1. Which of the peptides 198-207, 275-284 is most tightly packed, and how do the rest follow, going by the mean number of other Cβ atoms within 10 Å of each residue?
2. How would region 155-276 be classified by its alpha-carbon gyration tensor: rounded, prolate or oblate, with rounded meaning a/c under 1.5 and the a/b versus b/c comparison settling the rest?
3. In 10 Å bins starting at zero, report the fraction of Cα pairs in region 87-224 per bin as a rounded %.
4. Treating the angle as unsigned and between 0 and 90°, give the value, to the nearest 10°, between the Cα long axis of helix 27-41 and the longest Cα principal axis of the chain.
5. Simple spin-label model, 7 Å along Cα-to-Cβ: residue 247 to residue 313 in nm?
6. Compute from the Cα atoms of the chain the Rg and the Dmax, the latter being the longest Cα-Cα distance, and quote both in angstrom.
7. Could you tell me what a quarter of the Cα convex hull surface of region 25-78 works out to, in nm² with one decimal place?
8. Within 10 Å, count the other beta carbons around each residue, average over each peptide in 249-260, 285-296, and list them highest first.
């Protein structure tokens, strides 16, 4: 009686695969490793990895290689739609050989006007918390769709799902360390880190950096009159509103207490005063509906600083903006003051 054994070369490939996927906690590095392994295992027209977006309940192409990969950047796939949508909805592997190319799921995949999808392999990336995404291989060569290859792909999916889940867990933990609990904005620790990075980048790119220091006026009265729970809720609402009113490239931080900071990269002093004035006006006109039915508004004093030409040091730019904010408070509150 003979015993089937896995060749040593293949065992080494399995070993290298596991090491590669578990040697990094960076999601992009893991996705690239998965894609590289797919291309090694099987010849096809396209290899792709779709990630499941829990908020939107659909899939997006996180990484792809092959014919037409550029067209996938903004493509979304609904659960139940096409090959990948079927897999994420059911959590099962789907293999459609070319002999069954009348399968309607093929026609729904990538849209027929851009690609001719004749066959496909799609497998779920299933972790502890459910399906993370889908590996999708389009038009694989029929000669390579053996049981051995499919088994290898299943091993790849198992290792990939664990690696992706670990990367997500680490990212969530890192996010918690840089996030303020009350407002959901970045915390002061992250402010100093990002300010240092942006100052270095500004020096290298010869681009200005502006900073707005925002202090809510008479916020202590909110706590004294309505209680600290309402005060904390208002801080959270103000933080959300500041983020809404800022540009996409700006970064919002809670500095401490009722103080906030907004970093404005690539923004000269003249532009910063215009942006901060508009933001301040909108903030002052915002009515915040509290959970107990109260309708509150928030006044604020704002100081601005820009580097260069000021001292290009972290504490110097914060100190300059802070000093201008206090100058506003000393002269009636509720205004914006630049350099």
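The numbers here are math on the coordinates, done by the rules we state, and not lab data. Small disclaimer: the values here were computed from a predicted structure and weren't measured. Because the Cβ atoms are built from the backbone with ideal geometry, glycine has one as well, and the counts that use them run over all protein chains shown.
1. Highest to lowest by the protection proxy: 275-284, 198-207.
2. It is oblate, given that a/c is not under 1.5 and a/b is not larger than b/c.
3. It works out to 9, 23, 19, 15, 18, 11, 4, 1, in whole percents.
4. In the chain, helix 27-41 runs at an angle near 10 degrees to the longest axis.
5. About 2.8 nm separates the two model spin labels.
6. When restricted to the Cα atoms of the chain, Rg and Dmax are 26.8, 95 Å.
7. Its Cα hull, projected and averaged over all orientations, spans 4.2 nm².
8. Going by the mean number of other Cβ atoms within 10 Å, highest first, we get 249-260, 285-296.
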